[in-house]
1. Please check the chain for the longest run free of trypsin sites (Lys or Arg not before Pro) that are loop-located per DSSP (anything but H, G, I, E, B) and have at most 13 other Cβ atoms within 10 Å.
2. Beyond a 26 Å Cα-Cα separation, which of these cross-linked pairs lie in this structure: K11/K324; K238/K324; K11/K72; K238/K280; K72/K178?
3. Below 13 angstrom from the Cβ of V20, what's the summed charge of the other residues (Lys, Arg +1; Asp, Glu -1)?
4. Using DSSP H assignments, which helices in the chain have an axial alpha-carbon span of 18 Å or above and a mean Kyte-Doolittle hydropathy of -0.5 or higher?
5. Could you please state, rounded to a whole Å, how far the C-alpha centre of the range 255-279 is from the C-alpha centre of the range 179-241?
6. Cα centroids of the range 373-429 and the range 36-84: how far apart, whole angstrom?
7. Would you compute, from DSSP H runs of 4+ residues alone, the mean residue ellipticity of the chain at 222 nm, taking -39500 (n - 2.57) per run and dividing by the full residue count, rounded to the nearest 500?
8. What does the charge add up to near G105, with Lys and Arg as +1, Asp and Glu as -1, over the other residues with Cβ less than 9 Å from its Cβ?
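Every number in this text was worked out from the coordinates using simple rules, so none of it is lab data. Because the structure is a prediction, the values reported are computed rather than measured. Cβ placement follows ideal geometry from the backbone for every residue including glycine, while neighbour counts extend to all protein chains displayed.
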Amino acid sequence: MSVSESFNPFKMAQQQFDDVAQKLSLDQPTRDLLRNPDREHHFNIPIRMDDGSYRVFRGFRVQHNDARGPCKGGIRFHPQETIDTVRALAMWMTWKTAVVDIPLGGGKGGVICDPHNLSMREQEALCRGWIRQLAANVGPLQDVPAPDVMTTGQHMLWMLDEYERIHGAKYPGFITGKPVGLGGSLGRTEATGYGVIFTLREALKHLGIKIENTTAAFQGFGNVSQYSLDMYSQLGGKAIAVSCWDQKEQKSYTYKKADGIQFKHLMDITNRFGEIDKQKAKDIGFEILDGGAWIEQEVDILVPAALENQVNAETAPKIRNSVKVIVEGANGPTTPDADKIIKEKNIWLIPDFLANAGGVTCSYFEQVQCNMNYFWTKEEVLKRLDEKMTVAYHAVSDLALTRKIYMREAAYMISISRVAEACKMRGWV
Ligand code: NAD
């Protein structure tokens with residue numbers, strides 16, 4: 001069995017939790033509470049397809065913990081979605097909202113489907129069906145969904161509309177990632193990627209490295225990677241390689257430009273699924289390499305920002321000695337085996353639930369603005385985002401530096417302590 005076939009993200013999330021629970025000497029009831037989700041919803045979504053036939057899709061919502069506030073987390077549409085992926089992501093959301101210290105818990109949802117093969121009408125039916133199955137269990141005071149892999153502001157708006165029809169009132173704070181002008185926040189599109197680079201900027205400062213002198217390789221060119229690459233370039237860094245999926249060929253490729261990638265040029269040849277047009281890339285001078293080549297580049301910074309389980313026991317040994325920082329844009333891109341290798345190589349790692357917390361932070365700002373019914377300018381949103389990410393980064397790096405521990409461990413220690421304390425103060429355990 002290959003590494004990716006045997007990979008179970010939930011087992012990995014539990015293993016990470018168990019290790020830190022041990023270090024924090026958490027009592028057994030708190031461990032039992034936090035190593036499994038509070039609640040799970042599994043359900044069917046029957047849809048009438050455009051050709052008149054019926055198909056039944058499988059949907060999930062996992063609510064991991066809401067001791068610090070309503071659950072919060074995205075909804076993914078993915079053909080390989082599994083309940084264990086959703087469980088892991090829900091748990092990571094609990095740690096993520098805690099590490100940036102916003103008053104929310106952790107949840108995640110998904111539907112096993114491939115939006116590439118669904119018309120817009122079929123996708124709308126799927127969104128409305130997902131809400132109909134969950135209308136009593138989600139809401140602004142219970143659980144607040146958002147977009148994630150292959151879901152967009154349009155999907156969120158259909159879901160909001162269905163929720164408001166069922167409940168007979170307006171609940172703009174029910175769901176985030178809505179289109180701007182319809183309850184969405186300015187800056188949300190950029191928030192996760194920009195947040196990734198705000199944490200990288202702070203890391204480079206204390207490592208004494210000038211961002212203008214660095215090069216980077218990215219995995220993925222969807223929402224997170226696009227705006228990471230944009231902000232990284234704006235701050236003076238040179239992106240030289242980007243890998244992404246090719247739907248036609250059912251494989252990934254790495255697109256390389258040794259003299260630096262122009263964000264706008266790459267955006268012009270990328271579709272809405274974050275897939276780069278291979279022929280057009282060739283035409284404008286990109287070198288086309290194997291999909292796995294992004295990790296083998298002689299760069300200072302690696303940004304895995306596509307999928308989980310990408311930096312693993314097979315790929316991590318290929319990381320060059322030039323790499324000084326790995327900043328995790330994706331959720332769960334690195335396995336515990338690979339963590340060991342990264343530690344040995346003395347690479348500074350900025351863990352996923354800290355690095356990519358910009359999205360949920362901006363989602364929280366969206367809720368705040370919806371509740372006030374008053375919206376901030378983009379500059380104001382991004383300024384507040386930068387403040388939150390910078391404070392969160394330093395809380396984690398200060399702990400890591402003083403205790404001489406790995407950054408992922410420090411981030412977990414902060415988050416798990418905060419959530420455990422909330423559970424205790426509520427009298428749950
Ligand atoms: P997206 O769907 O917009 O983009 C995904 C990208 O990954 C695409 O460019 C796709 O081509 C690429 N990809 C898919 N399979 C690949 C493969 N085998 N090799 C290389 N590239 C591949 O998704 P996104 O919103 O950018 O999310 C990416 C990751 O970040 C996910 O792990 C997601 O859970 C996480 N995340 C997203 C947000 C957010 O706000 N969007 C927030 C936090 C975390």
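1. Longest gap between qualifying sites, sites excluded: 1-169.
2. K11/K324
3. +2
4. Span-like helices in the chain: 83-99, 188-207, 358-372, 378-403, 407-425.
5. The two parts, judged by their Cα centres, are 16 Å apart.
6. Their Cα centres are 27 Å away from one another.
7. -14000 deg cm²/dmol, from helical runs alone.
8. Numbers: positive: R68, K72; negative: D38, D66, D143.
Charge balance in the 9 Å sphere: -1.
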